[in-house]
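Asker: Take this structure, written in structure tokens, and hold onto it; I'll ask about it next.
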């Protein structure tokens with residue numbers, strides 16, 4: 001006689017040790033197997049888009065910091081690009097290079113957290129997480145030299161950056177660049193062939209190429225599913241067309257590939273920073289823009305490749321000092337669209353790992 | 001570089017296939033009628049040479065007398081993009097067709113537009129509020145929200 | 001044929017402590033009860049400190065270093081903190097089961113130490129079925145864990161408890177088979193006899209058995225990489241999610257006391273128990289237990305955790321056949337008289353077998369477990 005079972009609903013609530021922030025998932029389980037999942041958002045909704053309609057264009061920059069608070073420089077960058085496109089402002093050369101260096105350093109820092117948190121979810125009890133934080137500390141020290149802040153930098157302005165790099169920045173950056181590749185190799189040596197990691201993540205949570213494109217995934221999630229699409233190459237912004245770097249892709253689209261993708265992207269970022277350090281010219285760091293910017297009537301959309309995916313700002317202006325509408329294209333929310341199909345049929349332990357491999361930040365989902 | 005397709009060119013192609021669906025077109029974008037949106041979207045996705053398989057974002061703007069829903073479509077293969085808009089003049093009970101069947105990425109974004117603007121998308125499998133709780137009165141991103 | 005003899009006390013003429021010292025059955029019982037309880041509690045404090053400090057250093061951070069010199073009073077601070085917390089019982093919980101669970105989980109762990117020798121003949125009860133008693137009693141604490149999961153009326157706890165029961169039952173078998181290999185060589189089930197029979201430590205004669213016992217032992221006591229029963233990042237805290245205060249202290253104690261118990265058993269079975277030159281025997285015992293525990297801390301810090309179906313597959317498809325193979329080879333060697341006559345040949349053959357098995361294993365590990373199930 002077959003045993004009668006019934007599925008039950010497990011609430012992985014907003015407060016949970018490994019849902020990367022206040023994020024709630026209601027999972028319907030049959031034993032340990034996940035049948036359905038319903039993500040519930042909104043625990044960190046601060047109404048940034050509505051607030052943006054009541055602040056000046058420059059005053060929105062601190063708001064954008066708090067979107068994906070792990071990679072604030074990239075958020076600032078995207079927003080400033082959008083305003084400059086709308087208002088037709090040209091940025092001086094030195095500011096462009098500084099922005100690129102900051103954005104790539106921030107990408108490395110955010111990817112370190114992403115990989116560390118992912119391995120933490122796999123159960124390696126904080127060891128890789130803390131090792132990666134050791135490197136992130138050095139990057140955050142560099143940012144503190146430049147902007148005075150450790151997390152939400154508010155460094156870039158419309159028309160450039162807010163202040164020039166201090167003198168101790170470049171030597172410290174050179175020291176960091178000399179050390180970092182050795183640490184990436186150390187992580188690879190410790191983790192890449194670890195049997196338990198491979199057993200947990202290879203073949204788990206596969207996102208096929210068609211599914212990834214259809215659910216508008218972007219960033220490392222898309223590239224790990226063997227789609228060669230990187231905005232820095234496909235639609236270059238700022239001075240990215242002057243640098244030489246590769247766009248790595250991975251073949252399968254499972255969790256292991258997403259982890260490898262992030263590590264490979266860190267190496268490419270190091271290449272870009274090295275080239276930017278050599279090419280950076282002296283000069284002014286901020287264009288001469290008025291304090292209260294009044295762009296002409298129109299709309300603009302600017303996008304960058306941020307560590308989570310494609311971050312874009314859609315601005316509509318009606319020639320006043322505040323935007324008429326500011327919409328933020330959140331990569332984390334859109335990457336989550338495929339979560340349900342990725343997770344069904346796997347177990348609870350895999351649910352956490354798949355969710356961790358997509359790498360979200362709740363500040364960006366809820367805005 | 002991603003080429004932003006000229007709105008006028010694409011409008012001409014769409015008019016040939018679905019006459020009367022394009023309301024206005026300009027260099028940057030084109031505006032179609034909301035009831036012909038599903039057909040136009042399918043046409044844009046499936047046609048050779050256009051191949052818009054990647055829906056970049058959907059958003060809505062409140063222009064006091066009408067809502068404008070903006071879609072940005074990308075083609076990864078040909079590396080071009082297109083902005084399509086539709087308008088909705090009903091403020092009490094705005095309803096628009098959903099494109100979830102074509103691009104699954106529209107799922108959460110259409111729920112967000114419903115939550116913050118009040119525009120319902122018919123054909124969406126799960127039209128519920130996404131950020132605010134059930135029972136919240138009003139739609140915050142409207143210009144007349146207090 | 002020369003044999004190695006670490007038992008220098010036989011050279012000195014030191015008499016073994018007679019089993020009914022200090023004189024009389026009840027005094028012996030009382031003395032050893034006090035010794036065992038204080039030993040367990042002191043060792044648990046010590047290993048908690050070793051684990052936190054050791055894990056901290058391995059993670060490139062300092063461990064606790066403020067409470068007392070070098071943070072040595074940290075376990076005391078932990079104990080005081082936990083005792084002062086409010087005892088919260090969920091309202092939908094089954095009160096009796098919820099209250100009884102920590103007791104049932106903890107009692108067997110203390111009882112295991114009754115048969116572990118601290119010195120030649122210095123143990124509470126020299127049962128001639130020593131190791132069988134240990135295996136039987138250690139399974140009882142699983143009942144306590146399951147009661148904790150059930151009585152908490154919490155889905156996370158139930159999940160954790162179910163996983164625990166499944167894992168413990170599965171890993172008993174390779175554990176016992178690894179023990180049987182040692183028993184065959186020593187010729188007795190009594191732990192005291194097993195230590196006395198170790199003219200060379202059995203880890204050299206049974207390397208595969210040692211690895212099997214270490215892996216199965218870690219799985220029995222829910223330590224990483226098999227700690228999915230209380231996986232912090234998945235099901236909050238597993239079966240002891242709903243416990244606070246003194247009851248949580250009991251579960252915490254159970255986890256570390258079981259770790260000390262498994263380390264003690266490994267020491268007596270494989271590392272030569274209390275044998276060693278220069279230092280007093282009980283000190284050698286403590287040193288070896290600490291060394292084994294450090295190996296456990298090392299694996300915890302380094303390895304990620306495996307999934308429940310991979311855990312079961314690991315037990316049944318890999319440990320179990322390897323244990324059978326080990327037993328078979330050991331039985332043949334004992335029949336042929338190798339442990340007393342051809343001891344070097346035995347060591348080399350066993351090491352070769354272990355190396356080959358481990359190499360073969362590491363090729364196929366990633367295929368463990370099922371994959372995606374169609375829903």
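The values are calculated or read from the model by the stated rules, or taken from the named source; none is laboratory data. Fair warning: this is a prediction, and the values are worked out from it, not measured in the lab. Cβ: placed from backbone, ideal geometry, glycine included. Neighbour counts: every protein chain shown.
Asker: Quick one: how many residues across segment C:97-141 are in a helix (DSSP H, G or I) and free of Cβ contacts under 8 Å to residues at least 40 places away in the same chain? Walk me through how you get there before you give the answer.
Answerer: Of the residues in segment C:97-141, the ones in a helix (DSSP H, G or I) are C:97-115, C:130-138, C:140-141.
So of that shortlist, the ones also free of Cβ contacts under 8 Å to residues at least 40 places away in the same chain come out as C:107-108, C:111, C:133, C:136-137, C:140.
The total comes to 7.
Asker: Continuing with this model, one more query. Under the condition of being surrounded by fewer than 17 Cβ atoms within 10 Å (Cβ to Cβ) and at pLDDT below 75, which residue from segment A:15-35 is nearest to the other protein chains (Cβ to nearest Cβ)?
Answerer: A:17
Asker: Just the residues that are within 14 Å of another protein chain (Cβ to nearest Cβ), in contact with a helix residue (DSSP H, G or I) (Cβ under 7 Å, 6 or more places away or on another chain) and in a helix (DSSP H, G or I), please, taken from segment C:307-343.
Answerer: Filtering segment C:307-343 down to residues within 14 Å of another protein chain (Cβ to nearest Cβ) leaves C:307-314, C:317-318.
Those left that are additionally in contact with a helix residue (DSSP H, G or I) (Cβ under 7 Å, 6 or more places away or on another chain): C:307-308, C:310-312, C:318.
Selection gives C:308, C:310, C:311, C:312, C:318.
Asker: Now for a different question. Can you confirm whether segment B:99-111 contains a residue that is in a loop (DSSP other than H, G, I, E, B), more than 9 Å from chain A (Cβ to nearest Cβ) and touching a helix residue (DSSP H, G or I) at 6+ places or on another chain (Cβ under 6 Å)? If you could, list the steps in order and put the result at the bottom.
Answerer: The initial filter retains those residues of segment B:99-111 that are in a loop (DSSP other than H, G, I, E, B), namely B:99-105.
Keeping just the survivors that are more than 9 Å from chain A (Cβ to nearest Cβ) gives B:99-101.
Filter once more, keeping what is touching a helix residue (DSSP H, G or I) at 6+ places or on another chain (Cβ under 6 Å): B:99-100.
Yes, segment B:99-111 contains a residue that is in a loop (DSSP other than H, G, I, E, B), more than 9 Å from chain A (Cβ to nearest Cβ) and touching a helix residue (DSSP H, G or I) at 6+ places or on another chain (Cβ under 6 Å).
Asker: For segment C:48-96, name all the residues that are farther than 20 Å from residue C:243 by Cβ, in a loop (DSSP other than H, G, I, E, B) and touching a residue at least 60 places away in the same chain (Cβ under 8 Å).
Answerer: Matches in segment C:48-96: C:59 only.
Per-residue answers, yes or no, for (1) buried (at least 21 other Cβ atoms within 10 Å of the Cβ); (2) within 9 Å of another protein chain (Cβ to nearest Cβ):
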| position | (1), (2) |
| --- | --- |
| A:301 | yes, yes |
| A:312 | yes, yes |
| A:318 | no, no |
| A:324 | no, yes |
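Asker: Sticking with this structure for a sec: Could you check segment A:209-222 and list, in sequence order, the residues that are more than 20 Å from the chain's Cα centre (by Cα) and under 10 Å from residue A:338 (Cα atoms)?
Answerer: The first filter runs over segment A:209-222 and keeps only residues more than 20 Å from the chain's Cα centre (by Cα), leaving A:209-211, A:214.
Those that are more than 20 Å from the chain's Cα centre (by Cα) and under 10 Å from residue A:338 (Cα atoms): A:211, A:214.
Asker: To continue, here is another question. Which condition from (1) crowded, with 20+ Cβ neighbours inside 10 Å; (2) within 9 Å of chain A (Cβ to nearest Cβ); (3) in contact (Cβ under 8 Å) with a residue 60 or more places away in the chain; (4) touching a helix residue (DSSP H, G or I) at 6+ places or on another chain (Cβ under 7 Å) is the one that residue B:79 breaks?
Answerer: Against the list (1) crowded, with 20+ Cβ neighbours inside 10 Å; (2) within 9 Å of chain A (Cβ to nearest Cβ); (3) in contact (Cβ under 8 Å) with a residue 60 or more places away in the chain; (4) touching a helix residue (DSSP H, G or I) at 6+ places or on another chain (Cβ under 7 Å), residue B:79 comes up short only on (1).
Asker: Over 19 Å from the mean Cα position of the chain (by Cα), more than 10 Å from chain C (Cβ to nearest Cβ) and at positive phi: does that describe residue A:148? Steps first, answer last, please.
Answerer: Numbers: over 19 Å from the mean Cα position of the chain (by Cα): yes; more than 10 Å from chain C (Cβ to nearest Cβ): yes; at positive phi: yes.
Yes: the conditions hold for residue A:148.
Asker: Of all residues in segment A:197-220, count the ones that are out of contact with any helix residue (DSSP H, G or I) (no Cβ under 6 Å at 6 or more places or on another chain), without any contact (Cβ under 8 Å) to a residue 24 or more places away in the chain and more than 12 Å from chain B (Cβ to nearest Cβ).
Answerer: Residues flagged as out of contact with any helix residue (DSSP H, G or I) (no Cβ under 6 Å at 6 or more places or on another chain), without any contact (Cβ under 8 Å) to a residue 24 or more places away in the chain and more than 12 Å from chain B (Cβ to nearest Cβ) within segment A:197-220 amount to 0.
Asker: Kindly evaluate residue A:267 against the criterion of being more than 14 Å from chain B (Cβ to nearest Cβ), in a helix (DSSP H, G or I), in contact (Cβ under 8 Å) with a residue 60 or more places away in the chain and out of contact with any helix residue (DSSP H, G or I) (no Cβ under 7 Å at 6 or more places or on another chain).
Answerer: On the way: more than 14 Å from chain B (Cβ to nearest Cβ): yes; in a helix (DSSP H, G or I): yes; in contact (Cβ under 8 Å) with a residue 60 or more places away in the chain: yes; out of contact with any helix residue (DSSP H, G or I) (no Cβ under 7 Å at 6 or more places or on another chain): no.
No: the conditions fail for residue A:267.
Asker: Give the residues of segment A:77-89 that are in contact with a helix residue (DSSP H, G or I) (Cβ under 8 Å, 6 or more places away or on another chain) and modelled with pLDDT of 90 or more, sorted by residue number. Spell out the reasoning first.
Answerer: Of the residues in segment A:77-89, the ones in contact with a helix residue (DSSP H, G or I) (Cβ under 8 Å, 6 or more places away or on another chain) are A:77-80, A:89.
Answer for segment A:77-89, where residues must be in contact with a helix residue (DSSP H, G or I) (Cβ under 8 Å, 6 or more places away or on another chain) and modelled with pLDDT of 90 or more: A:77, A:78, A:79, A:80.
Asker: If you don't mind, there's one more thing I want to ask. Quick one: residue B:61 ticks every box in (1) within 14 Å of chain A (Cβ to nearest Cβ); (2) farther than 30 Å from residue A:233 by Cβ; (3) not in a strand (DSSP E or B) bar one, so which box is it?
Answerer: Here residue B:61 clears every test but (3).
Asker: Tell me the residue from B:33, B:42, B:12, B:87 that is without any contact (Cβ under 8 Å) to a residue 12 or more places away in the chain and more than 11 Å from chain A (Cβ to nearest Cβ), please. Give the derivation first.
Answerer: Working: B:33 fails: without any contact (Cβ under 8 Å) to a residue 12 or more places away in the chain; B:42 fails: without any contact (Cβ under 8 Å) to a residue 12 or more places away in the chain; B:87 fails: without any contact (Cβ under 8 Å) to a residue 12 or more places away in the chain.
Checking each option against the conditions leaves just B:12.
Asker: Inspect segment A:48-55 for any residue being at pLDDT 85 or above, surrounded by 16 or more Cβ atoms within 10 Å (Cβ to Cβ) and either more than 14 Å from chain B (Cβ to nearest Cβ) or farther than 30 Å from residue A:291 by Cα (or both) and give the result as yes or no.
Answerer: Yes, the conditions are met somewhere in segment A:48-55.
Asker: Right, something else. Just to be sure, is residue C:297 assigned to a helix (DSSP H, G or I), more than 14 Å from chain A (Cβ to nearest Cβ) and either in contact with a strand residue (DSSP E or B) (Cβ under 7 Å, 6 or more places away or on another chain) or over 30 Å from residue A:203 (Cβ atoms) (or both)?
Answerer: Values: assigned to a helix (DSSP H, G or I): yes; more than 14 Å from chain A (Cβ to nearest Cβ): no; either in contact with a strand residue (DSSP E or B) (Cβ under 7 Å, 6 or more places away or on another chain) or over 30 Å from residue A:203 (Cβ atoms) (or both): yes.
No, not satisfied.
Asker: When you scan segment A:350-364, do you find a residue that is within 13 Å of chain B (Cβ to nearest Cβ) and farther than 22 Å from residue A:69 by Cα, even just one?
Answerer: Looking through segment A:350-364, none of the residues is within 13 Å of chain B (Cβ to nearest Cβ) and farther than 22 Å from residue A:69 by Cα.
Asker: Inspect all residues belonging to segment A:103-123 and state whether any of them is more than 22 Å from the chain's Cα centre (by Cα) and either within 14 Å of chain C (Cβ to nearest Cβ) or farther than 15 Å from residue A:263 by Cα (or both).
Answerer: Within segment A:103-123, one or more residues are more than 22 Å from the chain's Cα centre (by Cα) and either within 14 Å of chain C (Cβ to nearest Cβ) or farther than 15 Å from residue A:263 by Cα (or both).
Asker: Go through (1) within 12 Å of another protein chain (Cβ to nearest Cβ); (2) surrounded by fewer than 18 Cβ atoms within 10 Å (Cβ to Cβ) and name the single condition residue A:246 misses.
Answerer: It is condition (1) that residue A:246 fails.
Asker: Based on this model, can you work out whether residue C:291 counts as closer than 27 Å to residue A:190 by Cα and modelled with pLDDT of 85 or more?
Answerer: Values: closer than 27 Å to residue A:190 by Cα: yes; modelled with pLDDT of 85 or more: yes.
So residue C:291 passes the test.
Asker: Can you say whether residue A:87 is over 22 Å from the mean Cα position of the chain (by Cα) and within 11 Å of chain C (Cβ to nearest Cβ), as far as the supplied structure shows?
Answerer: On the way: over 22 Å from the mean Cα position of the chain (by Cα): yes; within 11 Å of chain C (Cβ to nearest Cβ): no.
Criteria not met by residue A:87.
Asker: Does segment B:53-65 contain at least one residue that is surrounded by fewer than 19 Cβ atoms within 10 Å (Cβ to Cβ) and touching a strand residue (DSSP E or B) at 6+ places or on another chain (Cβ under 7 Å)? Can you show your working first?
Answerer: Pass one, segment B:53-65, residues surrounded by fewer than 19 Cβ atoms within 10 Å (Cβ to Cβ): B:63-65.
After this cut, where a residue has to be touching a strand residue (DSSP E or B) at 6+ places or on another chain (Cβ under 7 Å) as well, the list is none.
There is no residue in segment B:53-65 that is surrounded by fewer than 19 Cβ atoms within 10 Å (Cβ to Cβ) and touching a strand residue (DSSP E or B) at 6+ places or on another chain (Cβ under 7 Å).
Asker: Evaluate the following for residue A:140: is it part of a helix (DSSP H, G or I), within 14 Å of chain C (Cβ to nearest Cβ) and closer than 30 Å to residue A:353 by Cβ?
Answerer: Values: part of a helix (DSSP H, G or I): yes; within 14 Å of chain C (Cβ to nearest Cβ): no; closer than 30 Å to residue A:353 by Cβ: yes.
No; evaluated as a whole, the condition is false for this residue.
Asker: Pull up segment A:231-243, narrow it to residues that are part of a loop (DSSP other than H, G, I, E, B) and within 9 Å of chain B (Cβ to nearest Cβ), then point me to the one that is surrounded by the fewest Cβ atoms within 10 Å (Cβ to Cβ).
Answerer: In the first step, residues of segment A:231-243 are kept if they are part of a loop (DSSP other than H, G, I, E, B); the result is A:235-239, A:243.
Now narrow it down to the ones that are within 9 Å of chain B (Cβ to nearest Cβ): A:235-236.
Values: A:235: 21, A:236: 16.
Restricting to residues being part of a loop (DSSP other than H, G, I, E, B) and within 9 Å of chain B (Cβ to nearest Cβ), the top hit is A:236.
Asker: Okay, next question. Quick one: residue A:228 ticks every box in (1) away from chain B (no Cβ under 14 Å); (2) surrounded by fewer than 15 Cβ atoms within 10 Å (Cβ to Cβ); (3) within 23 Å of residue A:331 (Cα to Cα) except a single one, so which number is it?
Answerer: Checking residue A:228 against (1) away from chain B (no Cβ under 14 Å); (2) surrounded by fewer than 15 Cβ atoms within 10 Å (Cβ to Cβ); (3) within 23 Å of residue A:331 (Cα to Cα), the one that fails is (1).
Asker: So residue A:287 fits all but one of (1) farther than 21 Å from residue A:112 by Cβ; (2) within 14 Å of chain B (Cβ to nearest Cβ); (3) touching a residue at least 40 places away in the same chain (Cβ under 8 Å); what number is the exception?
Answerer: (2)
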